[in-house]
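Peer 1: There's a structure below that I have some questions on.
The values are calculated or read from the model by the stated rules, or taken from the named source; none is laboratory data. Model, not experiment: these values are computed from the prediction. Methodologically, a virtual Cβ is constructed for each residue, glycine included, from the backbone with ideal geometry; neighbour enumeration extends over all protein chains shown. Protein only, heavy atoms only, side chains kept; ligands, DNA and RNA dropped before computing areas. Shrake-Rupley method; radii C 1.70, N 1.55, O 1.52, S 1.80 Å.
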Amino acid sequence: MYNHQKKGKTMNPLIQLKTTALITTIALAIFTGMVARAAQIGASVSSAVSVENRVELAVSNDPQEVTHIVLDSGVWLISGQINFLSLSTPAGTMFTAGNISKDELSFDPPETASVQAEEVAFLGNIIRPVALVPRTVEVANGTSVFLVAGSFNPNPNVTAWGFITAVKIRNHAP
């Protein structure tokens, strides 16, 4: 009888070379696709929170995040809007604030922060839209920029929603 068993199988060297080259090409394509590319001048980055997903604001002097974006290095023009909804607003003074801050939640710089106070007398539900002053910032790669809001009135039923948009205007400051 003839024994057809082989002790070990070997792959044809040409097939092995082609297989290795194919695996290397696929790995390189996946890796280069995952590497972040710098935004071109004129590119935009944005984030929005819809009214259905609005953020509850604590009655506090501390800024609270509505949403944020992450930017690559360069100079960006950033704008945004916050909409406040106060339900069953009691009589008194309604204070709200918003800002675009980088690196941390903050109402600084005060030049771009918006603080509003309004005397209200049992007006029920109040919607207050606040367009923020556009801000030009130079940032390093991976910088977080926040859309922040605050509610300082005694009403615990205040929520916020809105958007933040950044447009790249330069790669580096002149």
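Peer 1: Among the residues of segment 110-135, what is the count of those that are touching a residue at least 24 places away in the same chain (Cβ under 8 Å) and more than 21 Å from Ala48 (Cβ to Cβ)?
Peer 2: Final tally of qualifying residues: 10.
Peer 1: Mind listing whichever residues of segment 162-174 are open to solvent by 80 Å² or more (accessible area, probe 1.4 Å) and modelled with pLDDT of 90 or more?
Peer 2: Matches in segment 162-174: Phe163, Arg170.
Peer 1: Looking at this structure, is Leu105 among the hydrophobic types (A, V, I, L, M, F, W, C) and open to solvent by less than 40 Å² (accessible area, probe 1.4 Å)?
Peer 2: No, not satisfied.
Peer 1: Determine which single condition Ala117 fails, assuming it passes every other condition in (1) closer than 19 Å to Ala58 by Cα; (2) open to solvent by less than 60 Å² (accessible area, probe 1.4 Å); (3) modelled with pLDDT under 95.
Peer 2: All conditions are met except number (2).
Peer 1: Then there is this: Could you list, in sequence order, the residues of segment 135-161 that are under 17 Å from Ser47 (Cα atoms) and loosely packed, with under 14 Cβ neighbours inside 10 Å?
Peer 2: Gly142
Peer 1: Filter segment 40-60 down to residues that are in a strand (DSSP E or B), open to solvent by 50 Å² or more (accessible area, probe 1.4 Å) and hydrophobic (A, V, I, L, M, F, W, C) and give me whichever is farthest from Thr165 (Cα to Cα).
Peer 2: Taking the candidates together, the pick is Val59.
Peer 1: Counting residues that are of a type outside the set (Val, Ile, Thr), which strands (runs of 3 or more DSSP E) fully inside segment 100-174 reach at least 3?
Peer 2: 114-120, 124-131, 143-151, 158-170
Peer 1: Find all pairs meeting these conditions: Cβ atoms under 8 angstrom apart; at least six residues apart or on different chains; first residue within segment 91-106 and farther than 19 Å from Val158 by Cβ; second residue basic (Lys, Arg).
Peer 2: Cβ pairs passing all conditions: Ile100/Arg135.
Peer 1: Still on this structure, please answer the following. Out of the residues in segment 61-90 meeting the condition of being surrounded by 14 or more Cβ atoms within 10 Å (Cβ to Cβ) and either farther than 29 Å from Lys168 by Cβ or aromatic (Phe, Trp, Tyr) (or both), tell me which one is modelled with the highest pLDDT.
Peer 2: Going through the qualifying residues, I end up with Trp76.
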